[in-house]
1. Which one is surrounded by the fewest Cβ atoms within 10 Å (Cβ to Cβ) among residues in the stretch A:84-104 that are farther than 15 Å from A:L130 by Cα and at the interface with chain B (Cβ under 9 Å from one of its Cβ atoms)?
2. Could you list, in sequence order, the residues of the stretch A:116-137 that are open to solvent by less than 30 Å² (accessible area, probe 1.4 Å) and of a type in the set (V, I, T)?
3. Check off (1) touching a strand residue (DSSP E or B) at 6+ places or on another chain (Cβ under 6 Å); (2) farther than 24 Å from A:G96 by Cβ for B:M133 and give me the number that stays unchecked.
4. I'd like the full set of residues that are surrounded by 15 or more Cβ atoms within 10 Å (Cβ to Cβ), away from every other protein chain (no Cβ under 14 Å), near DNA strand C (Cβ under 10 Å from one of its atoms) and within 18 Å of B:A16 (Cβ to Cβ), limited to the stretch B:52-67.
5. Please tell me if A:V36 is open to solvent by less than 70 Å² (accessible area, probe 1.4 Å) and more than 29 Å from A:D149 (Cα to Cα).
6. Taking the condition of being free of Cβ contacts under 8 Å to residues at least 12 places away in the same chain and part of a loop (DSSP other than H, G, I, E, B), how many residues in the stretch A:187-211 meet it?
7. Report whether or not A:F113 is within 15 Å of B:L202 (Cβ to Cβ) and either assigned by TED's automatic domain parsing to the domain that holds A:L25 or modelled with pLDDT under 90 (or both).
8. Only one of (1) within 24 Å of B:R111 (Cα to Cα); (2) within 16 Å of DNA strand C (Cβ to nearest atom); (3) of a type in the set (S, T, Y) fails for B:S31. Which number is that?
There are 2 protein chains.
Amino acid sequence: MAPVSPRRRIPEATVARLPVYHRSLTELKESGVTTVSSEQLADLAGVNAAKVRKDLSYLGSYGTRGVGYEVEYLLFQIDRELGFANDLGVVIVGLGNLGQALANYDGFGDRGFPVTALVDADPAKVGSTLHGMQVQHIDDIESIFADGDLTIGIIATPAAAAQGVADRLVAAGVRSILNFAPTVVTVPDGVHLRKVDLALELQILGFYEQRDATEAVNAADSDS
Amino acid sequence: MAPVSPRRRIPEATVARLPVYHRSLTELKESGVTTVSSEQLADLAGVNAAKVRKDLSYLGSYGTRGVGYEVEYLLFQIDRELGFANDLGVVIVGLGNLGQALANYDGFGDRGFPVTALVDADPAKVGSTLHGMQVQHIDDIESIFADGDLTIGIIATPAAAAQGVADRLVAAGVRSILNFAPTVVTVPDGVHLRKVDLALELQILGFYEQRDATEAVNAADSDS
DNA sequence: AATCGATTGTGAACAAGAGAACTAGCTTGT
DNA sequence: ACAAGCTAGTTCTCTTGTTCACAATCGATT
């Protein structure tokens, strides 16, 4: 009944930054750097030094006062925390433009997330080979996860199909989903969902661009 | 000297949600719905009703108590706020897997962000046609923006090239950049930068997946 | 051994955001 | 005209996240 691992609860914001630190540290390691200060790491990661220290302190006290952090050791600890020991496969559902690009994108495999299956609903696509892998039909999705491996599902279908795919992924036992479809997808409690909405990012940028433009006009007006 | 438009400052979190409301409202409009309550809209957008009302109140009082919001009018107001009146072009730099997929992705144009130029550094790619558009060389980037149109730059290059591209975009007058390269890019004040890091999203999901898995194990241990 | 400069780890103030609860105002039915 | 029922708009509280400031601690140097 008592909480088993209440020792530390890492804030969501920190979790989102750990991979960034991880990347910076990997670069440092490859450059042969053995020690790094919170300030240096902050520069590389594009954040505030105090934030780096606080973030890292959630993992434990892995730094040395007066010196900094040992790159390799810190990297190891972040690896552990992020669960890089486990191999976590990725299934891509929907092989349109975006899905195909994601299937061919080496960035996933390079970072420990090998694409383990490609799925589509279009019979014309099923059976074809992409990035050295056969496309399977979505109706066979249950069998893909039969072995109980932990897997992340990527939804790259049109918006209309996204919720249905999500439901099937959840039914098949997937507990983490990354949604690229431009629509709201809901999942049951206990399933983690993140979204990447490309057009939405542009719209946000567009807002600020337009705001700045009109502000400039207003400023010019008040000058006159 | 006095602030010119202090009337309302829309919080960042709200700005990020406005496009979601916009999308939901567009769907409602296409279904012939003329009026919507904050609760309905909240359902569609996947958020809390109070948040919807608060968000919309930053734009002004466009609802009617006891009734709701008129879909078309609200849509118009959000359009205005997001700057959909202006046409904002998009330049994609880097035409590897991801860049090509983005170039072919209709989601941008559909939402008012036409791709206006494709740029790469590889001479082998320059001159080829993609999505009905000729690929230009990055050295000619200045000329692309010569007309002073507002444009968003998308960086889809390898990580190593990203900062250089960002610098050139900024030098050419681009004030909004969307970075897909898995690296930290810094820009001067006044330039808006957003990032989409695909592998990072997987790593975040991976963290929670692993945490849940170990928690389950721990719970089982304490049961025994 | 003692001091000094550097850097971590953390407590506390501060800021931003989320959500609940309340108020104000509209519409409809009688 | 009035009451009842909705629903927008607003206020308040709580949580989360950020930043600052400083004490604790380490290695180096004299």
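1. Per the stated criteria, the residue is A:A85.
2. Filtering the stretch A:116-137 down to residues open to solvent by less than 30 Å² (accessible area, probe 1.4 Å) leaves A:117-120, A:135.
Those that are open to solvent by less than 30 Å² (accessible area, probe 1.4 Å) and of a type in the set (V, I, T): A:V119, A:V135.
3. Condition not satisfied by B:M133: (2).
4. If we filter the stretch B:52-67 for residues that are surrounded by 15 or more Cβ atoms within 10 Å (Cβ to Cβ), which is where we start, we get B:52-53, B:55-56, B:59, B:63.
Checking which are away from every other protein chain (no Cβ under 14 Å) leaves us with B:53, B:56, B:63.
Adding the requirement that they be near DNA strand C (Cβ under 10 Å from one of its atoms) leaves B:53, B:63.
Selection gives B:R53 alone.
5. Values: open to solvent by less than 70 Å² (accessible area, probe 1.4 Å): yes; more than 29 Å from A:D149 (Cα to Cα): yes.
Yes.
6. Of the stretch A:187-211, the ones free of Cβ contacts under 8 Å to residues at least 12 places away in the same chain are A:189, A:201-211.
Applying the additional criterion that residues be part of a loop (DSSP other than H, G, I, E, B) yields A:189.
Number satisfying all stated conditions: 1.
7. Working: within 15 Å of B:L202 (Cβ to Cβ): yes; either assigned by TED's automatic domain parsing to the domain that holds A:L25 or modelled with pLDDT under 90 (or both): no.
It is false that A:F113 is within 15 Å of B:L202 (Cβ to Cβ) and either assigned by TED's automatic domain parsing to the domain that holds A:L25 or modelled with pLDDT under 90 (or both).
8. Of (1) within 24 Å of B:R111 (Cα to Cα); (2) within 16 Å of DNA strand C (Cβ to nearest atom); (3) of a type in the set (S, T, Y), only one is false for B:S31: (2).
The values are calculated or read from the model by the stated rules, or taken from the named source; none is laboratory data. Keep in mind that this is a model prediction, so the values were computed, not measured. Positions of Cβ are generated from backbone atoms using ideal geometry, with glycine treated the same way; all protein chains shown enter the neighbour counts. With ligands, DNA and RNA removed, areas are computed over all heavy atoms of the protein, side chains included. Shrake-Rupley method; radii C 1.70, N 1.55, O 1.52, S 1.80 Å.
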